[in-house]
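Right, one structure below, let's go through it.
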Amino acid sequence: MARTPSNMLELGTKAPEFTLIDTITEQEMSINNIKGDTATVVMFICNHCPFVKHVNDELVRLGNDYKDKGIGFVAISSNDVENYPDDSPGLMKIVAQELEYPFPYLYDETQEVAKAYDAACTPDFYVFDKNLKLVYRGQLDDSRPGNDIPVTGKDLRSALNALIDGKEVSDDQKPSLGCNIKWKQPV
């Protein structure tokens, strides 16, 4: 199990534009379709990563807890499905339906979106304010597979609560840690 940290994109960065296919609805979605009135959460995840599996239930809780609070959520998988077939769009749809993801689960086939966000690992989290400026990037919380710390989403929840309350998000942010994104090999 690789342990790759986030690259920690610079705070204040404008959310890169994208249009990708939602594996659940099979419709195109863009950042503007997903954007929340208060904030937007962009998560890079995948099906097979043990770090993502460890937090999946909390991701569902987060989406459900904040969907009526002006927070838009989206999950994106950018992994190379040729070498990691468990992350294929068809299986993404099955996982999303089984776990009842309350957010779109988009497939980044070209990996251009992951590159634009400087995503490094799964899970990797980004929170943008109402103007789509980056205010948080980093970990969900301190829990990791095998460390016996409960999954609470405290770091991400703290950032979202600050935005809801009209406060500044703390710049004391820890990188996420997970499996590296499975980049396609150059042909």
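Would you mind stating whether Asp80 is part of a loop (DSSP other than H, G, I, E, B), more than 17 Å from Cys179 (Cβ to Cβ) and over 15 Å from the mean Cα position of the chain (by Cα)?
Judged against the criteria, Asp80 is not a match.
Could you pull out the residue among Arg137, Arg144, Arg157 that is part of a helix (DSSP H, G or I) and either over 24 Å from Glu10 (Cβ atoms) or not polar (S, T, N, Q) (or both)?
Arg157 is the lone residue from the list that is part of a helix (DSSP H, G or I) and either over 24 Å from Glu10 (Cβ atoms) or not polar (S, T, N, Q) (or both).
Does Glu58 satisfy being in a helix (DSSP H, G or I), in contact (Cβ under 8 Å) with a residue 24 or more places away in the chain and either out of contact with any Ser or Thr (no Cβ under 7 Å at 6 or more places or on another chain) or under 24 Å from Thr38 (Cβ atoms) (or both)?
Considered against the rule, which asks whether it is in a helix (DSSP H, G or I), in contact (Cβ under 8 Å) with a residue 24 or more places away in the chain and either out of contact with any Ser or Thr (no Cβ under 7 Å at 6 or more places or on another chain) or under 24 Å from Thr38 (Cβ atoms) (or both), Glu58 comes out as yes.
Condition first: assigned to a helix (DSSP H, G or I), in contact with a Phe, Trp or Tyr (Cβ under 8 Å, 6 or more places away or on another chain), more than 20 Å from Gly36 (Cα to Cα) and β-branched (Val, Ile, Thr). Now tell me which residues in segment 83-134 satisfy that.
Val95
Which condition number does Val55 fail, the rest of (1) among the aliphatic types (A, V, I, L, M); (2) buried (at least 20 other Cβ atoms within 10 Å of the Cβ); (3) touching a strand residue (DSSP E or B) at 6+ places or on another chain (Cβ under 7 Å) being met?
With (1) among the aliphatic types (A, V, I, L, M); (2) buried (at least 20 other Cβ atoms within 10 Å of the Cβ); (3) touching a strand residue (DSSP E or B) at 6+ places or on another chain (Cβ under 7 Å) applied to Val55, the lone miss is (3).
So in segment 122-136, with the set limited to residues that are over 10 Å from the mean Cα position of the chain (by Cα) and not hydroxyl-bearing (Ser, Thr, Tyr), which one is surrounded by the fewest Cβ atoms within 10 Å (Cβ to Cβ)?
Asn131
Name the pairs whose Cβ atoms lie under 7 Å apart, with the first residue in segment 168-187 and in contact (Cβ under 8 Å) with a residue 40 or more places away in the chain and of a type in the set (A, V, I, L, M), the second in a loop (DSSP other than H, G, I, E, B) and surrounded by 15 or more Cβ atoms within 10 Å (Cβ to Cβ), and 6 or more positions between them or separate chains?
What qualifies is Leu177/Gln139; Leu177/Arg144; Ile181/Ser78; Ile181/Asn79; Ile181/Ala119; Ile181/Ala120.
Filter segment 123-161 down to the residues that are out of contact with any helix residue (DSSP H, G or I) (no Cβ under 8 Å at 6 or more places or on another chain) and of a type in the set (Val, Ile, Thr) and list them by number.
Ile149
A quick yes/no check of all residues on (1) modelled with pLDDT under 95; (2) touching a Gly at 6+ places or on another chain (Cβ under 8 Å):
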residue: Val74; (1), (2): no, no
residue: Leu91; (1), (2): no, no
residue: Lys130; (1), (2): no, yes
residue: Lys167; (1), (2): no, no
residue: Lys174; (1), (2): no, yes
residue: Pro186; (1), (2): yes, no
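Taking the options Met92, Met43, name whichever one is crowded, with 21+ Cβ neighbours inside 10 Å, over 17 Å from Asn161 (Cβ atoms) and touching a helix residue (DSSP H, G or I) at 6+ places or on another chain (Cβ under 8 Å).
Met43
Please work out if Asp65 is over 13 Å from Pro102 (Cα atoms), of a type in the set (Asp, Glu) and either at pLDDT 95 or above or out of contact with any strand residue (DSSP E or B) (no Cβ under 9 Å at 6 or more places or on another chain) (or both).
no
Looking at Ser88 and the list (1) among the hydroxyl-bearing types (Ser, Thr, Tyr); (2) in contact (Cβ under 8 Å) with a residue 12 or more places away in the chain; (3) more than 15 Å from Glu17 (Cα to Cα), which single condition is not satisfied?
(2)
The values are calculated or read from the model by the stated rules, or taken from the named source; none is laboratory data. All values derive from a computational prediction rather than experimental measurement. We place every Cβ from the backbone using ideal geometry, glycine too, and count neighbours over all the protein chains shown.
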